[in-house]
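The values are calculated or read from the model by the stated rules, or taken from the named source; none is laboratory data. This one's a predicted model, so the numbers in the text were calculated from it and none came from an experiment. Cβ placement follows ideal geometry from the backbone for every residue including glycine, while neighbour counts extend to all protein chains displayed. Accessible surface is based on the protein model in full, side chains and every heavy atom, while ligands, DNA and RNA are left aside. Shrake-Rupley method; radii C 1.70, N 1.55, O 1.52, S 1.80 Å.
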Amino acid sequence: MKKMTYAEAIRDGLRVEMQRDPSVYLCGEDVGKFGGCFGVTAGLVDEFPGRVLDTPITETAIIGSAVGAAAAGLRPVAEIMFVDFTGVCMDELFNQASKMRYMFGGKAKVPMVLRTICGGGLGAAAQHSQCMEAWFAHIPGIKTVLPATPADAKGLMAAAIRDDNPVVYIEHKQLLGLSGDVPAGEYLVPLGQADIKRAGGDVTIVTWSWMVHRALAAAEALAREGIAAEIIDLRSVVPLDKETILKSVAKTNKLVIVHEAVKTGGFGGEVAAVVAEEGFDLLDTPIKRVTAPDTPVPFSAVLEKAYLPSEGKIIQAVKELF
Amino acid sequence: MALTPKDLLAFYRTMVTIRTFETKAAELFAAGKLPGFVHLYIGEEAAATGVCANLTDADYITSTHRGHGHLIAKGGRVDLMMAELYGKATGYCKGKGGSMHIADVDLGILGANGIVGAGQPIAVGAAFACKYRGNGTVAVCFFGDGAANRGTFHEALNLASIWKLPVVFICENNMYGISNCQRDHMNIVDIADRAAAYGIPGATVDGNDVVAVYEAAAEAVRRARGGDGPSLIECKTWRWRGHFEGDPGAYKNPDEQKAWLAKDPIPRLAQKLIDLGHATAADLAAIDDEVKAQVAAAVDFAEQSPDPDPADVLTDVYAS
């Protein structure tokens, strides 16, 4: 174990995988000399000559070329600087990367990672703060992961790189400086395995990414009032670990879903639908969702605070169930 | 490398195979035997044939919605293709792709593609893999005049140029993006002129002259293999049929259609073979008959093949 930040853990995951597999390379805007817009890939360009490539501002070609290189046998890790920019390369993701294997009758593999970053709280406004995981979850053929801790960030990166399918790996701006214990050397967190970040018997809170930490803070406050919340960090939305969710709801009979993305069409709706379909009898109360409202992300700190799901909103939603 | 009589006869056979396959596909579609959309390559056979004659199985191509000709020229099997057009379990894609998504990764065919222009960045990525491995392989990207207006064209050519990738962009300018004539969808005559914007060589050739296409592609492939980067080749040609089967192509000028039909690439090569004494009319007729039998056998294979198992709808979404 070693103490490192979330950003350092991602870099460590990249480094370890690049050391063990020469077919892994990185590309994207400013990932080389500049070290990435958030510093995540700092130094890798010197450690791995010819394998960390600065691209022009060319999202379509970044992801389109990653698809071609992956189909031809390499393992690209292609960065889109902000998840908000994935609209530019959406065809390459949703019509090409995700469908190649199926359309070709299982005779192609597209082992690529689309690395990107999501989330608000920085005053970055409507085009640099969104959470778009529900888009990706709606596309069969790709997997989508959103690590919330440094250890998960490293382990999920390694697993994403080794996976033979396109994986969208979504970091969070608020977590980059978060410090934690991270296993040294090769370390894998399997895709599709949720993690119970806090055990509790009174209410299940399903969440992911930054909101894991707000949910944990809420759980701490709720515990002082005698409510034991179980916090399930999905870690990946596709594949979805239904079993862990249903098992928890079977114990608590109450479900609150917390995500930073807007409510309508958010992935929380899918979690709620799964529990309604497969665990309706387990529920004693209605399902609650704590999400951003259906608006673009505002700029002003006052407005953005009002927009983001908060510890207080989570506590309030939980209390409404008792 | 000078073309031998054997090479020219091989070109003839490939072009006739494409023409025969496509003519049969038109007939089968009209008879209601092929589901979905079918976009035919009739009239453009010289382009795929002349280009792919410069490639090996280890080289890559990306194709288009009008992809049958590229697949055949790159070595694709007509029986597996025909079975895929029928949506049968024995088809190239087990009935999951159809005409617009046929691929054979083992032959370097990274797929026909239903999205116009999508193959351009994919070919750049395949070319990156070629360069990364340093094994002298190349990628070729086929696309049409319509796709030359996509943003993918700009991004792909720019990236290929700055990274000096071994990729050859083949623009088959058949003058139409569905109903929209090149005169109305761009303000230049020669699409190869756009190469200058990326600092790469551009050449325009008679796309209905298989030897001219072969020679232009040979130079571009030589450059690519030698580490000198990408090229853009425009093959001027003409789509005989509508955009898809069922489109009568009423937007085309009948005089132009007539003039282009007279430039049919297959009789032009046949005449050359006879004039050069490489073949007699009877030799060529024998090739025609062999190909006809091969395509007929492909149709039999397709018709006798089983449908996919409905349970297979769920397989091949993810690699495990």
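Results, tabulated for the structure shown:
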| item | result |
| --- | --- |
| Built amide H within the under 5 Å cut-off of residue A:204, gap 5+ | A:230, A:254, A:255, A:256 |
| Spherically averaged projected area of chain A from its Cα convex hull (nm²) | 15.9 |
| Efficiency of FRET between residue B:10 and residue B:228 - r from beta-carbon atoms, R0 25 angstrom, step 0.05 | 0.40 |
| Computed FRET value (nearest 0.05) for residue B:197 with residue B:271, which takes r as the C-beta separation and R₀ as 35 Å | 0.35 |
| With Cα atoms, 0 to 90° folded angle of helix A:59-71 axis to chain A main axis | 80 |
| Under 5 Å, built H, 5+ apart or other chain: amide partners of residue B:38 | B:245 |
| Compactness relative to 2.2 N^0.38 Å, alpha carbon Rg of the protein assembly as shown | 1.08 |
| Average other protein chain Cβ within 10 Å of Cβ, residues B:93-104 | 4 |
| Using a Förster distance of 60 Å, the FRET efficiency for residue B:262-residue A:274 (Cβ separation, nearest 0.05) | 0.40 |
| Cα centroid separation - segment A:13-63 against segment B:215-242, whole Å | 31 |
| Simple spin-label estimate for residue A:181 and residue B:3 in nanometres, 7 Å along Cα-Cβ | 7.2 |
| Which of B:278, B:120, A:308, positive extreme of dipole for the protein assembly as shown (C-beta unit charges) | A:308 |
| Cα centroid separation - segment B:52-86 against segment B:116-165, whole Å | 18 |
| In degrees, nearest ten, helix A:211-224 long axis to first principal axis of chain A (Cα) | 30 |
| Shape box of segment B:189-263 [Cα atoms, principal axes, largest first, Å] | 45, 26, 21 |
| HN-Hα J in Hz across segment A:148-158 - Karplus 6.51, -1.76, 1.60, θ = phi - 60°, x for Gly and Pro | 10, 10, x, 5, 5, 4, 6, x, 6, 5, 4 |
| Projected label distance in nm at residue B:251 and residue B:57, using a 7 Å step from Cα toward the beta-carbon | 4.1 |
| Heavy-atom accessible surface of segment B:1-143: percent carbon and sulfur, 1.4 Å | 57 |
| Heavy-atom surface of the protein assembly as shown, accessible at 1.4 Å and reported per residue (Å²) | 37 |
| Size of the B/A contact, given as accessible area buried on both chains, probe 1.4 Å, in Å² | 3200 |
| Built amide H within the under 5 Å cut-off of residue A:167, gap 5+ | A:112, A:113, A:114, A:143 |
| Between 0 and 90°, nearest 10: helix A:267-279 axis offset from chain A longest Cα axis | 60 |
| Counting all C-alpha pairs of segment A:195-319, share separated by more than 22 Å (%) | 29 |
